[in-house]
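What follows is a single structure, written as structure tokens, with notes after it.
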Amino acid sequence: MTRTLIVPGLDGSPDPHWQHWWAATDPRALMVDLSDVSRPVPAVWEIELASQILLHPDSILVGHSLGAVLIARLLTTWPHLRVRGALLVAPAETQGNDRIGGFGPIPEMPLHIPTTVVASRNDPWMRFDRAARLADAWGSHLVDLGHAGHINVAAGFGPWPRGKVFAAELEQRSLPMVVARPAEPRRRAV
């Protein structure tokens, strides 16, 4: 069974956030418990997420906001971790933000696993063109949700079934391709 690790962002994802809903409605999902969500420390969060990945190898990661940035940092810093795919929803810009500036600069290199970035054209935490550039740098599939704000409760996202669809698509993309070998020619006895 593939586990889904839900990675919250700054201030967590309390009810009725879609991440909380997902963790409560999907028996394969587990909310990653990160320390001090109001005053995050990058190295601590990286260790906490890495430990959950080590406990649940080959998981799908689902990060929102700073959680998406944390996943990108971890995948570029510790590429040996066994992760099947990552859904990076509404990444947050770290530059110029006192509360999350320590998480920057955001890495801009391939993540080497199937990833999808879901971004909004009016996200107050990151401009769409910046999210698109990151998706390109990471080698991610980009989903444009239009004018969806920060894809959180304030933007009208409590339950978000479409997020589960994106994760299922990632899981399918991460399956190893099976290459069929041509059948051996039959030899006829003469």
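Rounded to the nearest Hz, the phi-derived 3J(HN,Hα) couplings of segment 24-40 under the Karplus curve 6.51 cos²θ - 1.76 cosθ + 1.60 (θ = phi - 60°) are 7, 10, 10, x, 8, 8, 9, 6, 6, 8, 9, 5, 6, 5, 8, 9, x, where x marks glycine and proline. Taking amide H as placed 1.01 Å from N in the peptide plane, the amide H of residue 86 sits under 5 Å from that of 61, 115, 116, each at least 5 places away or on another chain. Match the structure shown to one of the listed values (i) 0.98; (ii) 1.08; (iii) 0.96 of Rg/Rh (Cα atoms, Kirkwood Rh), computed from it, and give that label. Recomputing Rg/Rh (Cα atoms, Kirkwood Rh) here gives the entry labelled (ii).
For the pair residue 39 and residue 1 in one chain, pulling the backbone fully straight at 0.36 nm per residue adds 10.3 nm over the alpha carbon distance.
Residues 4, 76 in ascending order of nearby Cβ atoms (within 10 Å, fewest first): 76, 4. Listed from fewest to most Cβ neighbours within 10 Å, the set 109, 1, 31 follows the order 1, 109, 31. Couplings 3J(HN,Hα) for segment 52-60, derived from phi with the Karplus relation 6.51 cos²θ - 1.76 cosθ + 1.60 (θ = phi - 60°), are 5, 5, 5, 6, 10, x, 6, 7, 9 Hz, where x marks Gly and Pro. Residue by residue, segment 132-142 carries 3J(HN,Hα) couplings of 5, 5, 5, 4, 5, 5, 7, x, 9, 6, 9 Hz when phi is fed to the Karplus relation 6.51 cos²θ - 1.76 cosθ + 1.60 (θ = phi - 60°); x denotes Gly or Pro. Quick check: Cα centre of segment 106-163 to Cα centre of segment 1-69, how many Å? So the two Cα centres are separated by 16 Å.
Counting neighbouring Cβ atoms within 10 Å and putting the fewest first, the residues 112, 17, 80, 56 line up as 80, 112, 56, 17.
FYI, it's all coordinate maths here, none of it is from the lab. Just so you know, these numbers come straight off a predicted model, no measurement behind them. Don't worry about glycine lacking a Cβ; one is built from the backbone with ideal geometry, like all the others, and counts go over all protein chains shown.
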